[in-house]
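**Q** Please see the structure below; I have some questions.
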Amino acid sequence: MTVSTPPATQDDRGLYWIATPALLLALLAVLTIGSDANLAWFHSWNQWALAVPAFVWAGATNLGSTAGAYALLGGALAWRPRWVAAGLLALPAGALYTHGLKEFFAEPRPAAVLDPESINIIGKALLTSSFPSGHSATAFGIAATVALCSLASGQRWIAWAVLPVAGLVAFSRVAVGAHWPLDILAGGAGGWLCGAIGVWWSARWPFWQSERGVRVLAVVVALIAVALFFEDLGYPEGRWVQYALSAWGLAGAAIAFAAGRRWSLA
């Protein structure tokens with residue numbers, strides 16, 4: 001007698017997508033604790049990054065700044081209001097996770113403990129509050145909101161597409177000499193779960209489905225985009241991404257506000 005396995009439901013797939021990336025990142029982070037892997041990986045990754053121009057890594061790391069990530073998300077507001085709503089709703093959990101752990105552990109950054117001549121540093125040399133990486137948490141938090149919202153609307157390819165982008169942003173933090181591998185892995189794991197919280201909250205508070213809700217989001221995105229234009233992110237080589245994201249966010253906010261209605265339920 002053959003027993004067939006029932007196909008996975010949408011809820012099952014959602015749980016897989018919530019748990020699997022966070023678990024993999026957390027397991028990799030555990031592997032670096034109490035071993036030489038953290039130091040060895042840092043030196044290897046930091047040196048590998050020399051093969052790529054500094055403006056690329058600076059641009060990628062600016063993409064993971066809080067304002068940069070939300071301006072990027074805001075460009076899709078008119079078509080994907082839930083993405084923006086879920087991202088903003090994930091922000092309190094993300095801030096509590098990253099800043100809470102930074103204050104508790106107060107770990108030194110690579111530039112504070114290693115010979116400066118042995119490190120490739122792009123931008124300002126940061127010394128304190130290393131664990132976890134806030135940029136990595138932001139990148140994977142935004143990736144989780146986009147991925148999980150896209151899965152809910154049947155667009156799995158988008159979910160797969162955002163993962164390498166988040167990984168690139170996280171890797172850039174080692175490339176610029178600002179973080180240890182442990183920092184970006186822990187930041188990514190926690191950020192992904194915080195993004196899932198934002199998606200869960202957006203399903204229970206669907207203000208983004210109303211005309212007023214979309215217009216409020218448009219104003220918030222516009223303010224973020226303007227602030228991003230003037231913000232000193234510490235990576236002048238990456239200003240090209242900073243200014244592009246600012247323009248992208250403003251354009252998305254303007255289109256959404258002018259439309260005055262939802263363009264999509266996604």
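What follows draws every value from the coordinates through simple rules; no lab data is involved. Predicted model, so just to flag it, every value in this text is computed and none were measured. With ideal geometry, Cβ positions are generated from the backbone for all residues, glycine too; neighbour counts draw on all protein chains shown.
**Q** Out of the residues in the stretch 191-221 that are under 27 Å from K102 (Cα atoms) and not hydrophobic (A, V, I, L, M, F, W, C), state the one that is surrounded by the fewest Cβ atoms within 10 Å (Cβ to Cβ).
**A** Per the stated criteria, the residue is G198.
**Q** Buried (at least 17 other Cβ atoms within 10 Å of the Cβ) and closer than 19 Å to L63 by Cβ, is that true of F131?
**A** Values: buried (at least 17 other Cβ atoms within 10 Å of the Cβ): yes; closer than 19 Å to L63 by Cβ: no.
So F131 does not fit the description; no.
**Q** Could we say that I121 is among the β-branched types (V, I, T) and buried (at least 18 other Cβ atoms within 10 Å of the Cβ) here? Outline the logic, then answer.
**A** Numbers: among the β-branched types (V, I, T): yes; buried (at least 18 other Cβ atoms within 10 Å of the Cβ): no.
Judged against the criteria, I121 is not a match.
**Q** Next up: State whether the residues of the stretch 40-56 include one that is hydroxyl-bearing (S, T, Y) and more than 21 Å from F230 (Cβ to Cβ).
**A** Taking every residue of the stretch 40-56 in turn, at least one turns out to be hydroxyl-bearing (S, T, Y) and more than 21 Å from F230 (Cβ to Cβ).
**Q** Of the residues L50, L25, only one is under 30 Å from R239 (Cβ atoms), in contact (Cβ under 8 Å) with a residue 24 or more places away in the chain, of a type outside the set (V, I, T) and surrounded by 12 or more Cβ atoms within 10 Å (Cβ to Cβ); which? Step through it out loud before you land on a result.
**A** Values: L50 fails: surrounded by 12 or more Cβ atoms within 10 Å (Cβ to Cβ).
From the options L50, L25, the qualifying one is L25.
**Q** Give the stretch 230-249 a look and list any residue that's buried (at least 16 other Cβ atoms within 10 Å of the Cβ) and without any contact (Cβ under 8 Å) to a residue 40 or more places away in the chain, or say none.
**A** A244
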